[in-house]
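Okay, so here's the structure we're looking at.
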Amino acid sequence: MLMIDQNFYKKVEAAHHRIQNDVRFTPLQYSPALSNQSNADVYLKLENFQVTGSFKARGATNKSRILYDQGHTNIVTASSGNHGSAVANASKILGINALIFLPNTVSEAKLKKIQSFGAKVELVGQDSGDAEIAARQYAEENRLPYLSPYNDEDVMAGQGTIGIEILKDQEQMDAIFIAVGGGGLIAGIGSYLKGVGKECEIIACSPENSAAMHHALKTGRIEKIEHLQTLSDGTAGALEEGSITFDYCQSVVDRSVLVSEAQISNAMKSFMDQHQMLIEGAAGVALAAFDNLKEEFENKKVTILLCGGNITNQTLLKVLQT
């Protein structure tokens with residue numbers, strides 16, 4: 001039996017009111033290039049224009065405000081980069097202290113960005129899964145609240161506010177492509193859209209090299225799998241055992257697809273050439289998935305979520321030189 005809140009969309013609406021002054025209402029932009037290539041009406045939700053450069057600002061701010069209202073002034077979290085920046089930014093807004101556990105593989109640019117907000121960092125392990133384990137342990141030992149990057153309904157609700165914004169700009173759509181890591185983003189958006197009765201196909205997009213949620217949905221359980229390096233560093237890493245996002249994803253995801261590193265790179269390169277804006281690898285995953293399936297969506301309305309724009313110079317050069 002799936003453990004989900006059937007009225008979760010109400011939590012999303014509450015989150016929208018709670019954080020609307022702290023985050024940006026990002027544009028939903030029509031893409032002539034992608035529409036022409038697919039004979040579909042393709043819209044881009046530009047979370048690469050969000051504060052701190054990714055959608056993570058929404059969930060982190062919602063949860064941080066709730067913890068602040070409960071009287072907490074010290075919080076602990078773990079991140080591969082984007083969530084860390086989001087928590088650090090929210091902590092600065094609220095005037096509270098954040099300790100952020102990051103993997104040793106975090107990019108220098110993301111590390112400096114997090115530190116620029118005044119947050120303290122602790123480097124541990126090789127991926128976000130290692131950082132999460134260490135952060136949870138530290139929080140428990142020191143009796144501090146742990147702010148999960150995805151495994152938390154308040155975080156999911158914050159991410160789900162993207163769904164509210166999309167519907168305000170475009171009431172009807174046939175499908176939405178969303179990159180998946182821990183599943184908080186797609187669980188939040190999908191639960192909101194389906195909770196308010198929208199018939200829209202929710203398509204989960206994962207890199208072949210690190211696809212924890214894809215494999216969990218395929219097998220019906222969370223398992224340990226091998227994780228290889230991927231351009232989609234924002235979605236990389238293990239899925240926490242017992243994560244509530246798994247039940248929500250089982251409930252709302254209509255299809256889960258995989259894309260290769262070459263497909264991600266090609267999608268990013270083509271997109272940046274046609275649209276003159278930066279995106280990170282996770283956004284490239286959603287674009288690549290749509291490119292693989294575009295023939296199915298002729299004469300339909302499609303939204304592709306560009307979840308972030310935080311890309312290092314080194315990664316950008318790698319993509320452009322392929």
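The values are calculated or read from the model by the stated rules, or taken from the named source; none is laboratory data. Just so it is clear, the structure is predicted and the values come from calculations on it, not from any experiment. As a convention, Cβ positions derive from the backbone with ideal geometry for all residues, glycine included, and neighbour counts pool all protein chains shown. The accessibility values were calculated without ligands, DNA or RNA, using every heavy atom of the protein model including side chains. Shrake-Rupley method; radii C 1.70, N 1.55, O 1.52, S 1.80 Å.
If I filter the range 180-199 down to residues being open to solvent by less than 10 Å² (accessible area, probe 1.4 Å) and out of contact with any Phe, Trp or Tyr (no Cβ under 7 Å at 6 or more places or on another chain), which single residue comes out as nearest to residue 251 (Cα to Cα)?
Of everything passing the filter in the range 180-199, 190 is nearest to residue 251 (Cα to Cα).
Output the residues belonging to the range 78-120 that are outside any loop (DSSP other than H, G, I, E, B), out of contact with any helix residue (DSSP H, G or I) (no Cβ under 6 Å at 6 or more places or on another chain) and within 21 Å of residue 145 (Cβ to Cβ). Quick ask: steps written out before the conclusion?
The initial filter retains those residues of the range 78-120 that are outside any loop (DSSP other than H, G, I, E, B), namely 78, 82-94, 97-102, 108-116, 120.
Restricting the remaining residues to those that are out of contact with any helix residue (DSSP H, G or I) (no Cβ under 6 Å at 6 or more places or on another chain) gives 91-93, 97, 99, 108-112, 115-116, 120.
Once the filter is applied, which keeps residues that are outside any loop (DSSP other than H, G, I, E, B), out of contact with any helix residue (DSSP H, G or I) (no Cβ under 6 Å at 6 or more places or on another chain) and within 21 Å of residue 145 (Cβ to Cβ), the range 78-120 yields 91, 92, 93, 97, 99, 120.
Of the conditions (1) closer than 19 Å to residue 54 by Cα; (2) in a helix (DSSP H, G or I), residue 318 satisfies every one except a single condition; which number is it?
Unmet for residue 318, out of (1) closer than 19 Å to residue 54 by Cα; (2) in a helix (DSSP H, G or I): (1).
Residue pairs, Cβ under 7 Å, 6 or more apart or interchain, first in the range 301-315 and more than 16 Å from residue 181 (Cβ to Cβ), second modelled with pLDDT under 90 and among the polar types (S, T, N, Q). List them.
Pairs found: 312/107.
Kindly indicate the residue of the range 74-105 that is open to solvent by 20 Å² or more (accessible area, probe 1.4 Å) and either of a type in the set (Ser, Thr, Tyr) or within 21 Å of the chain's Cα centre (by Cα) (or both) and also nearest to residue 51 (Cα to Cα) among those meeting that condition. Walk me through how you get there before you give the answer.
Filtering the range 74-105 for residues open to solvent by 20 Å² or more (accessible area, probe 1.4 Å) gives 74, 80, 89, 92-95, 97, 99, 104-105.
Subset that is either of a type in the set (Ser, Thr, Tyr) or within 21 Å of the chain's Cα centre (by Cα) (or both): 80, 89, 99, 104-105.
Details: 80: 17, 89: 9, 99: 20, 104: 25, 105: 23 Å.
Among those that are open to solvent by 20 Å² or more (accessible area, probe 1.4 Å) and either of a type in the set (Ser, Thr, Tyr) or within 21 Å of the chain's Cα centre (by Cα) (or both), it is 89.
Could you name every one of the helices (runs of 4 or more DSSP H) located completely within the range 187-299 that has at least 2 residues being closer than 29 Å to residue 317 by Cβ?
Details: elements: 212-219, 244-252, 261-275, 281-293.
Filter on the range 187-299 gives 212-219, 261-275, 281-293.
Inside the range 300-315, can you point out the residues that are assigned to a loop (DSSP other than H, G, I, E, B) and either of a type outside the set (A, V, I, L, M, F, W, C) or over 24 Å from residue 165 (Cα atoms) (or both)?
Looking only at the range 300-315, we keep the residues that are assigned to a loop (DSSP other than H, G, I, E, B), and these are 300, 307, 309-312.
Within the range 300-315, 300, 309, 310, 311, 312 meet the criteria.
Where residues in the range 1-41 are of a type in the set (Gly, Ala, Ser) and under 15 Å from residue 163 (Cα atoms), which of them is surrounded by the fewest Cβ atoms within 10 Å (Cβ to Cβ)? So that I can check it myself, show each step before the final result.
Taking the range 1-41 and keeping what is of a type in the set (Gly, Ala, Ser), we get 14-15, 31, 33, 35, 38, 40.
From what's left, under 15 Å from residue 163 (Cα atoms): 14-15.
Numbers: 14: 15, 15: 29.
Only one residue fits best here, namely 14.
Of (1) in contact with a Leu (Cβ under 9 Å, 6 or more places away or on another chain); (2) of a type in the set (A, V, I, L, M, F, W, C); (3) more than 20 Å from residue 157 (Cα to Cα); (4) open to solvent by 10 Å² or more (accessible area, probe 1.4 Å), residue 49 satisfies all except one. Which?
The one condition residue 49 does not meet is (3).
Looking at the range 55-67, can you tell me whether even one residue there is of a type outside the set (Phe, Trp, Tyr), surrounded by fewer than 24 Cβ atoms within 10 Å (Cβ to Cβ), more than 15 Å from the chain's Cα centre (by Cα) and part of a strand (DSSP E or B)? It would help to see each step written out before you state the result.
Of the range 55-67, the ones of a type outside the set (Phe, Trp, Tyr) are 56-67.
Checking which are surrounded by fewer than 24 Cβ atoms within 10 Å (Cβ to Cβ) leaves us with 65-67.
Imposing the further condition that a residue be more than 15 Å from the chain's Cα centre (by Cα) reduces the set to 65-67.
Those left that are additionally part of a strand (DSSP E or B): none.
No, the conditions are met nowhere in the range 55-67.
Scanning the range 134-166 for residues that are assigned to a helix (DSSP H, G or I) and without any contact (Cβ under 8 Å) to a residue 12 or more places away in the chain, which turns out surrounded by the most Cβ atoms within 10 Å (Cβ to Cβ)?
At the first step, the residues of the range 134-166 found to be assigned to a helix (DSSP H, G or I) are 134-141, 153-166.
The next check asks that each one be without any contact (Cβ under 8 Å) to a residue 12 or more places away in the chain; those that pass are 137, 140-141.
Values: 137: 13, 140: 11, 141: 8.
Looking at residues that are assigned to a helix (DSSP H, G or I) and without any contact (Cβ under 8 Å) to a residue 12 or more places away in the chain, I get 137.
For residue 174, indicate whether it is open to solvent by 10 Å² or more (accessible area, probe 1.4 Å) and within 19 Å of residue 58 (Cβ to Cβ). Lay out the reasoning, then the answer.
On the way: open to solvent by 10 Å² or more (accessible area, probe 1.4 Å): yes; within 19 Å of residue 58 (Cβ to Cβ): no.
It is false that residue 174 is open to solvent by 10 Å² or more (accessible area, probe 1.4 Å) and within 19 Å of residue 58 (Cβ to Cβ).
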